[in-house]
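Notes follow the structure.
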Amino acid sequence: MTENGRLLANSRVNLVPAVLSLANPPWQQAVWLDPSAFENVDHIFHTLFDDFCDADEPERYLGVSLRTDEEVALMRQLGAALSAAASEAPDETDEQYLRAAAWPQVVAVAGRLAHVMVANDLGELAVLYDAGPGAAATGR
C-alpha cells in the first residue's frame, strides 16, 4: 500500500464510522445519551471538522480522507446541516442537537454520504482483491 493509500485508509477508519453514526438515530439515542459512553456529538464534530476532515471546506481532503467529488459535495452538505443544527443547540448538549429541527436533515445527508463512502470503500477493496495476494502491500 502506498503512503497516500495508508493515510486515506487510516483517515477513513475514523471518518466512515462518524458518518454512519450520524445516519443512525437509534444509535444516537442509545449511545450519545448514555453519559458513560465515549462517543457523543462533540466527538463526531471533532472527527468531521477538525481531526480527519473539514466539513465546511472538504475539497482539500479529496484523496486524504474523501475518495470522490461526490463525497466532497455530500460532506459539504453534511457540514451545512450540522452547522444549522448547532445553531439550535446553544448549550451544545447531545439532547439539544437531537431535538433540533435541522437534525432530520443531518440524518438524511449522513445516510446518503454513508452509502457513497461504504460503496466506494467496497469498490476499492474489490480492486485490491482482484489484484491478488500482496497487492495491498506493494500498492498495485
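None of the figures in this text is laboratory data; all of them are computed from the coordinates on show. Predicted model, so just to flag it, every value in this text is computed and none were measured. Please note: Cβ atoms are built from the backbone with ideal geometry, for glycine as well, and neighbour counts cover all protein chains shown.
By how many degrees, 0 to 90 and rounded to 10, does the Cα axis of helix 69-86 deviate from the longest principal axis of the chain?
20 degrees
If you fit an axis through the alpha-carbon atoms of helix 103-131 and take the longest principal axis of the Cα set of the chain, what angle between them do you get, 0 to 90°, nearest 10?
Value to nearest ten degrees: 10.
On C-alpha positions alone, give me the angle between the axis of helix 3-22 and the longest principal axis of the chain, in degrees, nearest 10.
30 degrees
Could you order peptides 31-40, 106-115 by the average number of other Cβ atoms within 10 Å of their residues, highest first?
106-115, 31-40
Quick one: grab the alpha carbon gyration tensor of segment 25-103, order the square roots of its eigenvalues as a ≥ b ≥ c, and give me rounded if a/c is under 1.5, else prolate or oblate depending on whether a/b is larger than b/c.
Judged from the Cα gyration tensor, segment 25-103 comes out prolate (a/c at least 1.5, a/b above b/c).
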